[in-house]
Each structure stands twice: as structure tokens, then as C-alpha cells.
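Structure, as C-alpha cells:
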Amino acid sequence: MNAINFCVIKVGSNVLTDKDGNPDIKRMDHLVAEITEYRKKGIKVILVSSGAVAFGRKETILPEKLNPVLKKQIWASTGQIDLINTYKKLFAKSTLQVAQILVTKEDFRDRKHFLNMKNCVLGLLAQGIIPIINENDTVAITELMFTDNDELASLSAAMVDADTLILLTNVDGIYTGPPDHPGSELIREVGHGTEKLSSYISATKSSFGRGGMLTKLNMSKKSADLGIQVFIANGKSENILGKILSKDTNFTYFEPKKAKQSTKKWLAHGDQYFKGEVIINQGAKTALYDHKIISLLPIGVTSVYGEFKKGDILRISDEEGNRLGLGRAEYPSKTALERIGLKNQKPIIHYDYLYLFHHD
Ligand SMILES: Nc1ncnc2c1ncn2[C@@H]1O[C@H](COP(=O)(O)OP(=O)(O)O)[C@@H](O)[C@H]1O
Ligand SMILES: N[C@@H](CCC(=O)OP(=O)(O)O)C(=O)O
């Protein structure tokens with residue numbers, strides 16, 4: 001395990017609520033005290049906190065029959081106020097200031113939004129303020145949503161180049177079966193092998209949560225691939241953050257690979273965000289995989305699909321339909337179409353903005 005210097009801590013709804021679904025302020029208070037301890041040790045912390053819907057549900061009584069999506073939007077918007085105010089009060093005890101950042105998927109798709117957000121978050125940290133991120137559930141419904149806040153936390157960790165992602169939930173980590181079954185065992189470490197852990201996971205999730213353990217697994221693997229170590233641990237357990245530091249507890253640990261460059265981390269999360277696709281021939285494919293540093297030139301491109309602008313994310317596939325990677329368009333689709341197969345043209349994807357799925 002590596003040292004923790006800069007971490008994103010994600011707190012799930014079920015950590016912040018008691019068994020009846022009511023906000024558990026005592027638990028929040030303990031977690032805030034623990035985060036304060038991290039800060040005293042010089043560890044930079046970004047908090048990704050769920051809980052808006054759970055807090056809203058407690059405060060705002062709505063008619064049973066109301067459309068469930070609208071219900072969630074209303075609860076998230078009323079509950080977010082209570083959630084952030086509770087954090088504000090609790091952190092104020094240690095004279096720490098907090099900031100609220102509400103984001104949507106769109107903010108990660110657009111590189112300008114992404115860089116603005118990154119600058120703001122890093123600026124807050126530099127001023128000693130704790131950024132508290134949540135999804136803007138009022139705007140983000142259905143297809144605009146993150147799978148859940150585990151995805152948002154993983155994207156945030158990649159965005160700021162954090163070395164560690166801690167996903168706090170109501171179980172000790174990933175088990176080989178339902179956590180409450182006597183035969184289920186905790187998986188303590190996940191390496192880089194191809195072991196299929198997803199078959200262990202059942203569809204249960206917390207009453208206010210969304211993605212469940214499967215998203216935690218997928219996001220943890222993705223983060224570890226990008227060089228970020230991940231801990232899935234029990235946020236209900238006393239002094240959990242301190243215990244993670246001293247490795248004196250149960251958790252599931254994902255061993256990180258070698259860290260990827262920052263722009264490549266942004267691209268790596270772009271598989272749902274791409275605006276167009278380029279199909280490349282065998283020669284270009286071999287060149288991309290054989291050379292460590294090479295850009296994609298139009299001569300190796302056989303087709304271009306979609307309408308995109310300079311700066312948008314493109315998916316790269318081969319002629320058999322295999323998905324090879326992602327990259328940032330150096331020019332718009334109209335220009336790209338004109339240059340298909342031509343020699344002596346500027347790269348359509350520059351190496352600095354090229355991310356291949358399996359290239360180590
Ligand atoms: N194999 C498994 N190992 C651990 N937890 C599992 C497994 N399969 C399903 N789960 C469920 O996943 C839940 C955690 O996911 P979720 O409710 O989304 O948490 P959060 O609200 O913290 O994001 C656990 O409470 C557990 O019941
Ligand atoms: N944005 C929502 C949380 C959605 C979510 O991902 O919840 P969880 O699975 O408990 O982390 C809220 O604040 O209620």
C-alpha cells in the first residue's frame with residue numbers, strides 16, 4: 001500500500017443515515033472529526049457526499065402519488081441544503097470551511113468545464129477549504145446522470161490527480177457473496193489479474209442509493225488502472241479513516257497500476273462521453289500499439305462517424321469493431337472527413353490526448 005497524501009473520500013447515503021433512514025448526525029460528526037485528523041496530518045481531502053435525497057425525505061413530505069423522478073428532484077434540492085449545512089456546522093467546530101460543488105456528467109464531458117472545475121477544486125484546497133461534491137440531482141435525471149456517486153468520486157479523483165480513493169459504505173468491502181451470509185468472505189486485496197469479482201455481487205443497494213456494490217467494483221478497478229489506490233471500507237465503523245491509515249482494519253484494497261498522465265485520466269473516463277468515432281486500419285493499429293509515443297494520422301483512418309468539434313472526445317475502433325481507445329479531436333468532423341486516408345496531414349488525435357484501453 002502506498003502513502004496517502006491526497007485523497008477523495010466518498011460517503012454513501014447509507015453511512016449518513018440510521019437503520020430507519022433518518023440522517024445520522026452523530027456518524028457525520030465522527031467522520032468530520034476523522035477528516036480533520038487527516039488534514040492535521042497534511043493529507044489533502046476532497047469529500048464526495050451522497051445524502052441529499054435522504055435528508056430531503058426526512059424534511060419534505062410529498063404526496064405518495066407524485067412522479068418518482070420529480071420526488072427525487074424535490075428531495076435532492078431541499079435535502080442538499082440540510083446536508084451541506086450540517087457539514088458546515090460540523091467542520092466549523094475545527095474552524096474548517098467547506099464549499100459546495102454540484103456537478104453533472106456534462107461538466108466532465110466538456111474539457112473547458114472540466115478544467116474550470118478542476119481549477120476551482122484545487123483553488124479551494126490551496127485555501128484550506130474542504131470541497132464537498134455531490135451530483136446536481138435537480139438537473140441530472142435519467143441519461144444525464146452519473147451511474148452514482150461512486151462514479152463521480154472516481155472521476156473526481158482522476159480529475160485532481162489524487163493518489164487515493166476511499167469509498168465508505170455500510171459493509172467492510174466486497175465479499176464473495178451477500179455480506180450477511182455466513183459463508184461469505186471479505187476480499188482483502190484486488191490485484192491486476194482478470195478475476196471476475198462481479199459474479200459475487202448481488203443487486204441489493206441502500207434505499208436512497210443507486211449503483212450498489214457493482215459500480216463500486218467497476219469504478220475501483222478503473223481508478224486502480226489509472227494509478228489511484230482504492231479502499232472500499234465501512235463508514236459505520238469507528239475511527240475508520242484512522243484505521244485505514246494504520247492498515248489496522250478490514251477493507252477491500254485495489255492495488256494501483258503505474259499512474260497515468262492527467263489528460264489521459266480525463267480521457268480514460270470518456271467512454272460514455274465520446275461525440276464521434278474514427279475507424280483505423282491494421283497499419284495504424286499496429287503503429288499505435290508498437291510505439292510508445294505516436295499520434296493518430298488521417299492516413300490510417302478509414303471512416304469517421306458522428307458530428308464533433310475540435311476538442312471533443314472520439315472513440316477509436318478497428319475495422320472489426322474492436323474498441324481500442326479514446327482521444328481528443330484536433331479538428332472538427334467536417335475536416336476529418338475531408339482528410340480520411342490522406343498523407344502529410346496533421347494528426348487527428350495527438351499523442352498527448354490519446355488513451356488506449358490496453359497499453360502498458
Ligand atoms: N458481494 C458483495 N459484497 C459486499 N456488498 C454487497 C455484495 N453484494 C451486494 N452488496 C450490497 O452492496 C451494498 C452497498 O452498496 P450501496 O447500497 O450502493 O452503498 P452506498 O450507499 O454506500 O453507495 C451493501 O450494503 C451490500 O448489501
Ligand atoms: N446524489 C444523491 C446520491 C446518489 C448516490 O449515488 O447514492 P449512494 O449510492 O448512496 O452513494 C444524493 O445526494 O442523495
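Using the per-residue mean of other Cβ atoms lying within 10 Å as a proxy for protection, in what order, highest first, do the peptides 326-335, 6-15, 253-262 fall? All intermediate terms of the calculation are to be shown ahead of the outcome.
Values: 326-335: 19.9, 6-15: 25.1, 253-262: 16.2.
The peptides rank, most packed first, as 6-15, 326-335, 253-262.
Sorted by accessible area (1.4 Å probe), largest first, how do LYS112, LYS71 line up?
Values: LYS112 155, LYS71 30 Å².
The ranking, largest first, comes out as LYS112, LYS71.
Given the DSSP H assignment, sum -39500 (n - 2.57) over each helix run of at least 4 residues in the chain and divide by its residue total; what's the result at 222 nm in deg cm²/dmol, nearest 500? Please report the intermediate quantities before stating the final value.
On the way: 12 runs with 129 residues, N = 360.
Result for the chain: -11000 deg cm²/dmol, rounded to the nearest 500.
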Max mean-square fluctuation residue, GNM over the chain, Cα-Cα springs under 10 Å, options GLY193, GLY341, GLY123: GLY193
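Kindly identify region 89-138 as rounded, prolate or oblate by the Cα gyration tensor criterion: order the square roots of the eigenvalues as a ≥ b ≥ c, call it rounded if a/c is under 1.5, otherwise compare a/b with b/c, prolate if a/b is larger, else oblate. Provide the component values of the computation, followed by the final result.
On the way: a/c = 5.52, a/b = 1.69, b/c = 3.26.
Oblate.
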Using Cα positions and a limit of under 17 Å, work out the lysines in reach of LYS89, with same-chain residues fewer than 8 apart set aside. LYS26
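State which entries of LYS40/LYS260; LYS275/LYS334; LYS105/LYS257; LYS10/LYS309; LYS118/LYS260 exceed 22 angstrom in Cα-Cα distance in the structure shown. Each step should come with its number before you reach the end.
Working: LYS40/LYS260 28 Å; LYS275/LYS334 13 Å; LYS105/LYS257 26 Å; LYS10/LYS309 34 Å; LYS118/LYS260 17 Å.
As for pairs spanning more than 22 Å Cα to Cα, those are LYS40/LYS260; LYS105/LYS257; LYS10/LYS309.
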With Cα springs under 10 Å, the Gaussian network model of the chain assigns the largest mean-square fluctuation among LEU47, LEU152, LEU342 to LEU342
Cα gyration tensor of region 6-260, axes a ≥ b ≥ c as square roots of the eigenvalues: rounded (a/c below 1.5), prolate (a/b > b/c) or oblate? rounded
SER202, SER237, ranked by accessible area, largest first (probe 1.4 Å): SER202, SER237
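First measure r as the distance between the Cβ atoms of LYS257 and GLU307, then evaluate 1/(1 + (r/R0)^6) with R0 = 25 Å and state the FRET efficiency to the nearest 0.05.
Numbers: r = 34 Å, r/R0 = 1.38.
Efficiency, rounded to the nearest 0.05: 0.15.
Counting Lys and Arg as +1 and Asp and Glu as -1, what is the net charge of the other residues whose Cβ lies under 12 Å from the Cβ of ASP24?
Details: positive: LYS19, LYS26, ARG27, LYS58, LYS236; negative: ASP18, ASP20, ASP29.
Here the charged neighbours net out to +2.
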Anyone know which of LYS105, LYS40, LYS118 comes out most mobile in the 10 Å Cα GNM of the chain? LYS40
Relative contact order in percent for the chain (Cα pairs under 8 Å, 6+ apart) equals 15 percent
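The values are calculated or read from the model by the stated rules, or taken from the named source; none is laboratory data. None of these values were measured; they are calculated from a predicted model. Note: ideal-geometry Cβ built from the backbone for every residue, glycine included; neighbour counts use all protein chains shown. Protein only, heavy atoms only, side chains kept; ligands, DNA and RNA dropped before computing areas. Shrake-Rupley method; radii C 1.70, N 1.55, O 1.52, S 1.80 Å.
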